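Here's the structure we're looking at; comments come further down.
Laboratory data are not the source of any read-out in this text; all were calculated from the coordinates shown. Keep in mind that this is a model prediction, so the values were computed, not measured. Backbone-built Cβ (ideal geometry, glycine too); neighbour counts: all protein chains shown.
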C-alpha cells in the first residue's frame with residue numbers, strides 16, 4: 001500500500017522539500033512541534049525503521065546530522081531534537097525539531113495548521129544554511 005510519504009516523494013501531494021538524494025528526502029512537517037521541524041524519509045517504503053538496511057539507516061542518520069547542523073544555524077535553538085516514533089505514518093521517518101527545551105519534544109505540541117508561508121520560510125532558512133555549510 002502506497003503511503004502518504006511515498007505520494008509526497010512522487011510529487012502527487014505537495015511537499016516542501018529541503019533536501020533530496022537517491023536514498024532519501026527531507027521535507028517540512030505540516031504539523032510542526034516548532035518552526036523548522038523537518039522529516040528525513042527514505043524513498044524506499046520501509047514501515048519500521050529497524051527494518052532499514054544498516055547502510056540505509058546509516059545514510060538517514062548522516063543526512064539527519066547535516067540537516068540538524070543547518071537547523072542549528074538557521075534557528076535560535078539550543079539543540080535539535082530527534083524523534084523516531086513511527087506511529088503516525090507507516091513509512092520510516094526521522095523528526096528533526098529545533099528546540100530550546102525538552103518540553104518542546106512532544107507530539108501534543110504539534111500545530112494543527114500552519115500557514116504555507118511559514119513552512120516555506122523555514123524551509124528556505126534550512127536550504128540557505130545547508131548551502132553555507
17 Å reach of a label modelled at residue 83, 7 Å along Cα-to-Cβ, counting backbone N of the range 91-133: 91-114
Extension length gain for residue 2 and residue 76 (0.36 nm per residue less Cα distance), in nm, is 23.0 nm
Helix-only estimate, please: 222 nm mean residue ellipticity of the chain, summing -39500 (n - 2.57) across DSSP H runs of length 4 or more and dividing by its residues, to the nearest 500. -11000 deg cm²/dmol
Within the range 13-44, backbone nitrogen closer than 11 Å to the virtual label 7 Å beyond the Cα of residue 111 toward Cβ: 29-37
Rounded if a/c is under 1.5, else prolate if a/b beats b/c, else oblate: with a ≥ b ≥ c from the C-alpha gyration tensor eigenvalues square-rooted, which is the chain? rounded
Relative to the longest principal axis of the C-alpha atoms of the chain, give the angle of the C-alpha long axis of helix 116-132, reported between 0 and 90° and rounded to the nearest 10°. 90
At a 10 angstrom cut-off on C-beta neighbours, averaged per residue, how do the peptides 30-37, 75-82 rank from highest to lowest? 30-37, 75-82
Sites residue 101 and residue 131, calculated FRET efficiency, Cβ-Cβ separation with R0 25 Å, nearest 0.05: 0.30
